[in-house]
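One structure is given below, encoded as structure tokens.
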Number of protein chains: 2
Amino acid sequence: MSIVVQKYGGSSVADVEKIKNVARRVAKSRDEGNQVVVVVSAMGDTTDDLIALAKKVTAHPSGREYDLLLSTGELVSCTLLAMALNTIGYRAVSLSGAQAGIKTDTEYNRAHILGISPKRITEELNEGNVVIVAGFQGINKDKDVTTLGRGGSDTTAVALAISLKAKACHIYTDVDGVFTADPRMVPEAHSMPEIGYEEMLEMATYGARVMHSRAVELGQMYNMPILVACSFNENPGTLIHGGKAMEIKNKVTGIAHDMDIAKIMVVGVPDRPGIASAIFEPLATAGISVDTIVQNASIDNITDLTFTVAESDIDKAMKVVKPIAESIKARECISNTKLGEISIIGTGMQNAPGYAAKMFSALSERNINIHLITTSEIRITCIVDEDRVGEAVRALHRAFELEKADIR
Amino acid sequence: MSIVVQKYGGSSVADVEKIKNVARRVAKSRDEGNQVVVVVSAMGDTTDDLIALAKKVTAHPSGREYDLLLSTGELVSCTLLAMALNTIGYRAVSLSGAQAGIKTDTEYNRAHILGISPKRITEELNEGNVVIVAGFQGINKDKDVTTLGRGGSDTTAVALAISLKAKACHIYTDVDGVFTADPRMVPEAHSMPEIGYEEMLEMATYGARVMHSRAVELGQMYNMPILVACSFNENPGTLIHGGKAMEIKNKVTGIAHDMDIAKIMVVGVPDRPGIASAIFEPLATAGISVDTIVQNASIDNITDLTFTVAESDIDKAMKVVKPIAESIKARECISNTKLGEISIIGTGMQNAPGYAAKMFSALSERNINIHLITTSEIRITCIVDEDRVGEAVRALHRAFELEKADIR
């Protein structure tokens with residue numbers, strides 16, 4: 001019998017009726033002759049509620065206590081799912097991260113999986129049980145509970161699939177897979193039948209919320225195909241895989257966007273060594289993640305340094321940067337929070353000229369001003385005014401004819 | 001340094017403000033130079049909420065899954081308490097039942113503690129931590145989580161106190177200790193300074209809800225003194241102890257009562273061997289607990305059999321008993337749910353005549369009819385009409401002059 005790992009997100013187990021729906025889906029896979037391992041997230045907003053409770057006690061909870069607290073949410077949903085399976089006649093057993101043998105490092109709140117000892121899971125599967133594993137959690141060398149941070153349950157699922165040599169890893173969510181663009185923004189956006197790991201990573205990093213990049217990276221590292229599909233229907237979803245067998249019909253696969261962008265410009269900076277580190281090291285120390293960095297060509301040994309941060313970090317970032325700007329005798333330091341980011345993503349773009357040009361002309365035709373441009377091998381990103389993002393995404397979706405691509 | 005075990009019930013940790021209050025109380029004991037182990041119940045109605053959730057999934061949850069589900073409630077409260085202690089400058093660490101080394105049998109939902117391996121607790125205490133243990137839970141030989149059933153957190157606290165050779169075990173609740181009678185019923189009822197284990201057991205079994213008899217039994221077995229006090233004030237509470245040092249001023253210690261009583265009379269039963277087991281074995285199989293049993297003297301080989309069950313069990317019990325009554329050719333089978341039970345409790349009653357007489361005359365003076373009488377070494381119980389229970393408790397409290405006894 002082959003093993004299938006299925007993961008259901010918080011919206012798929014948000015209430016008892018939805019948990020019963022998941023039980024029926026799991027039962028179906030079992031009936032098809034699979035050994036099934038299910039990973040579940042906490043029900044609906046449970047994790048947020050637990051976080052709110054902790055915040056009422058203290059602004060700075062101990063990582064160890066915080067993780068043990070948060071881990072309870074997944075225990076609730078996995079025991080309820082086991083009961084729901086029992087009720088419809090299927091043997092099932094739920095396991096905490098510790099019982100499932102998920103060993104992590106000791107970085108509370110963002111632990112990494114060091115390895116999985118799947119002995120208990122294998123025993124339970126061989127006894128005919130569906131095995132339900134609490135996602136998002138593990139245990140460290142001190143036998144204390146850790147949590148894996150954002151995207152944690154996806155990571156649990158992919159890691160288990162790899163460790164158990166599963167034939168497939170299915171991530172079930174509340175949307176029909178990975179879309180060519182945000183369907184709330186582009187009416188003709190649609191779910192892709194397949195996407196490569198690299199492209200999916202760019203999509204995830206540049207705004208597509210369907211799956212966390214960390215789990216995709218893990219899948220890529222061990223070449224584990226990941227199907228992202230909806231738990232509320234039978235639509236086929238999107239297969240994330242190694243891409244060698246993929247037939248590339250259109251080199252731009254999808255359009256990602258992100259509204260949570262702010263820009264800081266340090267203007268009139270003397271261009272000498274050490275300036276970049278003088279600015280970016282204190283930002284890193286303050287826990288502020290810097291995305292795009294652009295340094296203009298230097299004129300008379302004076303340059304401008306522009307970079308983006310998350311909009312929610314802007315006040316904290318300006319507090320760090322302003323005194324540094326003064327001390328390095330920069331002319332001024334300006335911030336802009338009314339920005340958004342759009343990216344076109346697709347393999348092979350770098351070797352096929354004209355994609356950047358097509359992107360820029362589609363934007364300029366609509367008088368959308370580009371503040372910053374960055375590129376990777378499979379992505380071109382433009383920072384534009386926030387109130388133009390929707391229009392820009394729609395324009396690019398049409399320019400690259402994504403409405404025609406791979407429609408099933 | 002000596003070890004103190006403190007247990008806080010659900011009402012003492014019902015919200016974040018109450019948890020902060022508990023943290024201050026724990027801190028005070030730490031400041032007094034104690035090593036402190038704290039056992040907590042789940043916050044307020046959390047356990048009931050989790051039970052309701054499970055009931056929405058299935059009427060018959062798997063014991064294993066049910067226990068893992070219920071165990072999450074105590075994890076939430078113990079992590080929040082650890083955070084609250086950290087916030088006011090005290091080192092604290094919370095432990096699940098498994099981490100605290102609480103080993104149980106495999107009887108899910110009503111597991112018994114087989115032993116405690118307190119290695120982790122001792123290590124954490126020696127590192128200067130307050131140790132907070134999730135009450136009501138343990139781990140069985142299969143490394144699965146079990147829960148201890150009603151009164152579970154009290155049992156956890158007493159067992160830990162014994163295992164750690166603590167100098168005291170404090171049970172904090174929302175009342176000022178063990179009362180001479182229910183203060184909602186008897187205005188002059190008051191908290192007793194002390195009570196013996198045996199008397200406390202009778203009080204608990206016969207209606208006083210302050211502490212579960214199981215934890216008292218454990219305390220008695222290992223001679224561990226247990227202080228029951230209120231978490232919201234500094235009143236001294238009631239010390240439950242071995243009784244040898246107790247000065248007995250008044251042989252009746254307290255009045256217990258229970259409204260949840262129903263009576264079944266099987267009338268006109270042929271008095272031959274095997275009749276009692278023919279009735280009581282099927283009741284036990286159906287999970288119905290029978291309290292008082294009275295069999296009248298047999299006349300012409302015909303007798304009446306009367307017994308009490310919990311009022312909530314009466315329909316189930318009648319369904320079991322009626323067909324048996326017919327098959328053994330009993331004349332009829334009558335139930336009465338409008339009953340209550342009152343008990344006077346005190347050591348030495350059996351050796352001092354006149355207590356029963358005083359009880360009966362106090363009741364008859366008020367025309368309160370007695371349906372049934374049972375006695376133990378330290379208790380006399382009368383079943384009376386439900387609507388007379390309050391009056392009966394007040395009458396007995398006065399007759400035995402409990403308003404004068406041991407008032408501090």
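If a residue has to be more than 25 Å from A:Leu339 (Cα to Cα) and not small (Gly, Ala, Ser) to count, how many in the stretch A:265-284 make the cut?
5
Would you please list the contacts, defined by Cβ atoms under 6 Å and residues six or more apart or on different chains, that run from a residue in the stretch B:324-340 that is more than 13 Å from B:Ile264 (Cα to Cα) to a residue that is of a type outside the set (A, V, I, L, M, F, W, C) and part of a helix (DSSP H, G or I)?
That search, which allows pairs on different chains as well, returns B:Gly340/B:Glu386.
For the list (1) crowded, with 20+ Cβ neighbours inside 10 Å; (2) in contact (Cβ under 8 Å) with a residue 12 or more places away in the chain; (3) among the hydrophobic types (A, V, I, L, M, F, W, C), I need the number of the one condition that B:Ile88 fails.
Looking at each condition in turn, B:Ile88 falls short on (1).
Only residues that are farther than 18 Å from A:Glu202 by Cα and polar (S, T, N, Q): list them for the stretch A:357-390, please.
Selection gives A:Ser361, A:Ser364, A:Asn367, A:Asn369.
One line per residue, one yes/no per condition, for (1) crowded, with 20+ Cβ neighbours inside 10 Å; (2) in contact with a His (Cβ under 9 Å, 6 or more places away or on another chain):
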residue: B:Lys7; (1), (2): yes, yes
residue: B:Glu17; (1), (2): no, no
residue: B:Lys28; (1), (2): no, no
residue: B:Asp45; (1), (2): no, no
residue: B:Asp49; (1), (2): no, no
residue: B:Pro61; (1), (2): yes, no
residue: B:Asp67; (1), (2): yes, no
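Filter the stretch A:108-149 down to the residues that are in a strand (DSSP E or B) and not hydrophobic (A, V, I, L, M, F, W, C), then identify the one that is nearest to B:Lys143 (Cα to Cα).
Taking the candidates together, the pick is A:Gly138.
Just to verify a result, which residue in the stretch A:132-161, among those that are within 14 Å of chain B (Cβ to nearest Cβ) and β-branched (Val, Ile, Thr), is surrounded by the fewest Cβ atoms within 10 Å (Cβ to Cβ)?
So, considering only residues that are within 14 Å of chain B (Cβ to nearest Cβ) and β-branched (Val, Ile, Thr), the one surrounded by the fewest Cβ atoms within 10 Å (Cβ to Cβ) is A:Ile139.
From A:Ile368, A:Ile342, grab the single residue that is in contact with a His (Cβ under 9 Å, 6 or more places away or on another chain) and within 18 Å of A:Ile255 (Cα to Cα).
Going through A:Ile368, A:Ile342 in turn, just one is in contact with a His (Cβ under 9 Å, 6 or more places away or on another chain) and within 18 Å of A:Ile255 (Cα to Cα): A:Ile342.
Conditions tested, residue by residue: (1) outside the structural domain of B:Leu80 (by TED's automatic domain parsing); (2) at pLDDT 90 or above; (3) within 21 Å of B:Gly97 (Cβ to Cβ).
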residue: B:Lys143; (1), (2), (3): no, yes, yes
residue: B:Leu148; (1), (2), (3): no, yes, yes
residue: B:Lys167; (1), (2), (3): no, yes, no
residue: B:Ala181; (1), (2), (3): yes, yes, no
residue: B:Ile195; (1), (2), (3): yes, yes, no
residue: B:Tyr206; (1), (2), (3): yes, no, no
residue: B:Met211; (1), (2), (3): yes, no, yes
residue: B:Ala215; (1), (2), (3): yes, yes, yes
residue: B:Leu218; (1), (2), (3): yes, yes, yes
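List the number of the failed condition for B:Gly354; all other conditions in (1) more than 25 Å from the chain's Cα centre (by Cα); (2) over 18 Å from B:Ile255 (Cα atoms); (3) modelled with pLDDT under 90 hold.
Single failed check for B:Gly354: (2).
All but one of (1) crowded, with 19+ Cβ neighbours inside 10 Å; (2) in contact with an Asp or Glu (Cβ under 7 Å, 6 or more places away or on another chain) hold for B:His112; state the number of the condition that does not hold.
Failing condition for B:His112: (1).
Mind checking which pairs have a first residue in the stretch A:31-60 that is touching a residue at least 24 places away in the same chain (Cβ under 8 Å) and a second that is among the acidic types (Asp, Glu), Cβ under 6 Å, 6 or more apart or different chains?
Every condition considered, the pairs that remain are A:Ala42/A:Glu74.
Which one is farthest from B:Cys382 (Cα to Cα) among residues in the stretch B:270-297 that are β-branched (Val, Ile, Thr) and in contact (Cβ under 8 Å) with a residue 12 or more places away in the chain? It would help to see each step written out before you state the result.
In the first step, residues of the stretch B:270-297 are kept if they are β-branched (Val, Ile, Thr); the result is B:275, B:279, B:285, B:288, B:290, B:292-294.
Narrowing the set further to residues that are in contact (Cβ under 8 Å) with a residue 12 or more places away in the chain leaves B:275, B:279, B:288, B:290, B:292-294.
Numbers: B:Ile275: 25, B:Ile279: 23, B:Ile288: 21, B:Val290: 16, B:Thr292: 10, B:Ile293: 12, B:Val294: 12 Å.
Of everything passing the filter in the stretch B:270-297, B:Ile275 is farthest from B:Cys382 (Cα to Cα).
Need pairs with beta-carbon distance below 7 Å; first residue at positive phi and within the stretch B:145-157, second part of a helix (DSSP H, G or I); sequence gap 6+ or separate chains.
B:Gly151/B:Arg214; B:Gly151/B:Ala215
Please return the ranges of strands (runs of 3 or more DSSP E) entirely within the stretch B:329-386 where 1 or more residues are acidic (Asp, Glu). Let's see the steps before the verdict.
On the way: elements: B:332-345, B:370-376, B:379-385.
Output list reads B:332-345, B:379-385.
Within the stretch A:5-30, work out how many residues are farther than 22 Å from A:Gly73 by Cβ and without any contact (Cβ under 8 Å) to a residue 40 or more places away in the chain.
2
The values are calculated or read from the model by the stated rules, or taken from the named source; none is laboratory data. Remember, predicted model here, so these are calculated numbers, not experimental data. Neighbour counts run over all protein chains shown; Cβ positions are idealised from the backbone, glycine included.
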